Amino acid sequence: MFSLNQAGFEVSAETDGADVVLLNTCGFVESAKTEAIEVIIELGEMKKEGRIGKIVVAGCLPERYKAEIMDELPEIDAAVGTGSFDEIVAVINSLLKNGKKLTSFGDIDAPVSESGRIISTSPAWAYLKVAEGCDNRCAYCAIPDIRGRYRSRPIENIVKEAGELKSRGTKELIIVAQDVTMYGLDLYGKPVLVDLLSRLCEICSLDWIRLHYLYPERINDLLINFIAEHDTMLKYLDVPIQHINDGILARMNRLGTGEGIRLLFKSLRERVPGVVLRTSVITGLPGEGEKEFDELCQFLADERIERAGVFPYSPEEGTPAALMDRPSQDVAMRRAEIIADLQSRIMDDYDRTRIGRVVTVLIEGFREGDGLYYGRSFAESPDVDGYIMVKGEGIAMHEFVQVRILEAMNGLIIGEAL
C-alpha cells in the first residue's frame with residue numbers, strides 16, 4: 001500500500017469505481033482459500049458490470065497455486081506471490097499500460113522487504129512483524145512452502161519502525177511472526193527476542209507491547225523474567241499448543257511434550273502474576289481417537305486457559321499429515337464444537353472474576369446504536385478476543401481510560417468509565 005501511494009496511486013478501501021482492485025489472500029487452510037475464491041468470483045462479476053477495472057490477486061493463494069490459478073480463475077488479471085510484494089507497483093503499471101495478464105513470483109526466501117507501510121487497522125494499535133516465514137515444519141502446515149524459510153528483520157529496522165508508529169500516536173504494538181521466540185536466530189546465531197524487546201521498551205517508550213505466537217518449547221527463563229519485570233509488556237501471552245497428547249505432538253513434528261506444556265503453563269502462572277494465556281488447538285488431527293480427544297478436553301478443563309482459538313483439522317495438500325489416517329471431517333467439526341463450548345464457559349468464568357475490578361482500557365470506537373464506547377484491556381487482543389463495552393460520556397478516542405467492570409456474560413463485558 002505504501003509503495004502504491006508513493007507511486008502516485010490513490011489507495012481506497014472502496015472497490016466500486018476502482019481502476020484496479022488488489023486482493024491480498026490467505027492460502028493456508030481450506031476455509032480461507034474458499035473465502036478468497038468466492039471474493040475473486042464476486043469481483044469478476046463486478047468487472048463484467050463495468051464497476052471495477054483490473055483484478056490483482058496477491059499473497060498466499062497465488063503463491064501456493066501459481067501453476068494453475070490464472071487458468072482456474074480467469075477473472076484474475078495479475079497474480080503476485082509472497083516473494084514479489086515489492087513488484088506490486090510495476091505489475092499494476094504494466095496492467096494499466098498494456099492490459100495484458102501477467103504473473104510475478106519472486107524468491108520466497110529473500111530478506112524481508114523494508115518498504116514503508118500504511119496502517120489499516122486502528123490509530124490506537126498496530127502489528128509489528130519481526131520475521132517472515134517459518135522453519136518449524138509442523139506436519140500439518142504448508143506455511144514454509146508458501147512463505148519461505150524463517151527470516152528475521154534486523155533489530156535496528158524494527159526499532160526504527162516502532163518509533164515511527166509511536167510518533168503517529170500508536171499506543172499498542174503487537175509483535176508478530178510465525179514464531180516470535182525464534183526471532184534473530186538466523187541473523188545473530190541465537191534467539192534475541194529479549195534484546196529486541198529491551199530496545200523497544202527503553203527507546204520507544206511504548207505504552208503496551210503484546211506478544212503473539214510464542215512457540216512453547218522456546219519460552220525460556222530470560223523471556224519470562226523480562227515479561228514479568230516490565231510494565232510495558234502486557235501480561236498476555238499467545239502460546240499455540242495445537243494439542244496435548246504426546247503421540248499426536250510427535251506425529252505432527254511438534255518439538256515438545258504434553259508434560260512440557262503443563263510445566264510451562266504452571267511456571268508462567270507462578271512467575272507472571274495475573275497472566276492471561278491464549279492458545280490454539282486443533283481437533284481431528286491424525287491419530288486423535290476418543291482417548292486422545294478426552295485428554296485434550298481434560299487438560300483444557302484443568303488448565304482454565306482464558307482465551308483459545310479452536311479449529312477442526314484441515315488436511316492440506318503437500319503436507320505429511322495429509323497422507324496420514326485421521327478422523328472424518330464431521331468428527332473433527334463435532335469435537336471442535338465441544339471444545340469451543342468448553343472454552344466459552346471457561347472464558348465466561350474468567351470474565352466474571354473481573355466484575356468490580358478497575359482495568360485500563362484502550363478506547364477504539366463508539367457505537368451510535370446503544371451509546372456505548374468499546375475498547376480493550378490487556379486481556380483482549382484485537383480481532384480475536386472481543387471488546388469491553390464502556391458506559392460514559394465524552395471519552396477520548398484512542399486513549400486509555402480507567403473502567404470498572406459491571407457485567408460479564410456470554411462473552412460480553414460491560415463497564416463504566418471512571
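Taking amide H atoms as placed 1.01 Å from N in the peptide plane, the amide H of residue 184 lies under 5 Å from those of 152, 192, each 5 or more residues away in sequence or on another chain. Given that just one value was derived from the coordinates, which of [x] 4, 19, 28, 29, 17, 3, 0; [y] 4, 21, 31, 25, 15, 4, 0; [z] 5, 22, 29, 20, 10, 5, 3, 2, 2, 1, 1, 0 is P(r) over Cα pairs in 10 Å bins from 0, in percent? Here P(r) over Cα pairs in 10 Å bins from 0, in percent agrees with entry [x]. Checking every one of the GluC sites (Glu not before Pro) in segment 17-100 against DSSP loop status and a limit of 12 other Cβ atoms within 10 Å picks out 49, 68.
Taken along its principal axes, the alpha carbon cloud of segment 2-104 reaches lengths of 36, 31, 24 Å, longest axis first. By the Stokes-Einstein formula, at 1.306 mPa s and 10 °C, segment 125-352 with its Kirkwood radius over alpha-carbon pairs has D equal to 86 µm²/s. Working from label points 7 Å from Cα in the Cα-to-Cβ sense, the residue 350 to residue 7 distance is 4.3 nm. Applying 1/(1 + (r/R0)^6) with r as the Cβ-Cβ distance of residue 257 and residue 97 and R0 = 51 angstrom yields a FRET efficiency of 0.35. Across segment 66-71, coupling constants 3J(HN,Hα) worked out from phi with the 6.51/-1.76/1.60 Karplus curve, θ = phi - 60°, read 4, 6, 10, 5, 5, 6 Hz, and Gly and Pro carry x. In order along segment 387-394, the phi-based Karplus estimate (6.51 cos²θ - 1.76 cosθ + 1.60, θ = phi - 60°) of 3J(HN,Hα) comes to 10, 9, 7, 10, 7, x, 9, x Hz; Gly and Pro are listed as x.
Length gained on full extension, residue 119 to residue 167, computed as 0.36 nm times the residue gap minus the Cα-Cα distance: 16.0 nm.
Annotation: amide H of residue 18 within the under-5 Å range of 53, sequence separation 5 or more or interchain, hydrogens built in the peptide plane. Beta bridges from DSSP with both residues in the chain: antiparallel share about 35 percent, rounded to the nearest 5.
Taking amide H as placed 1.01 Å from N in the peptide plane, the amide H of residue 58 sits under 5 Å from that of 23, 24, 25, 80, each at least 5 places away or on another chain. Sites count as exposed loop sites when they are trypsin sites (Lys or Arg not before Pro), lie in a DSSP loop, and have at most 10 other Cβ atoms within 10 angstrom; the longest stretch of the chain without one is 169-418.
Given R₀ = 22 Å, what would the calculated FRET efficiency be for residue 90 paired with residue 47, taking r from the Cβ atoms and rounding to 0.05? Don't jump to the answer; show the numbers that get you there.
Numbers: r = 22 Å, r/R0 = 0.98.
The pair residue 90/residue 47 has a calculated efficiency of 0.55.
A helix-only calculation puts the chain at -10000 deg cm²/dmol for mean residue ellipticity at 222 nm, using -39500 (n - 2.57) for each DSSP H run of at least four residues, averaged over all residues. Taking 27 Å as the straight-line reach from the Cα of residue 291, the lysines in range (excluding those fewer than 8 positions away in the same chain) are 266.
By the rule of a C-alpha distance below 19 Å, with chain neighbours fewer than 8 residues away ignored, the lysines paired with residue 171 are 129, 160, 235. Rounded to the nearest Å, what's the spacing between the alpha carbon centres of segment 46-104 and segment 127-161? Just the number, please. Spelled out, the Cα-based centre of one part sits 24 Å from the other.
Read the figures in this text as sums done on the coordinates, not as results from a lab. Worth saying up front: this structure is predicted, and the values here are computed from it rather than measured. Glycine also receives a Cβ, built like all others from the backbone with ideal geometry; neighbour counts cover every protein chain displayed.
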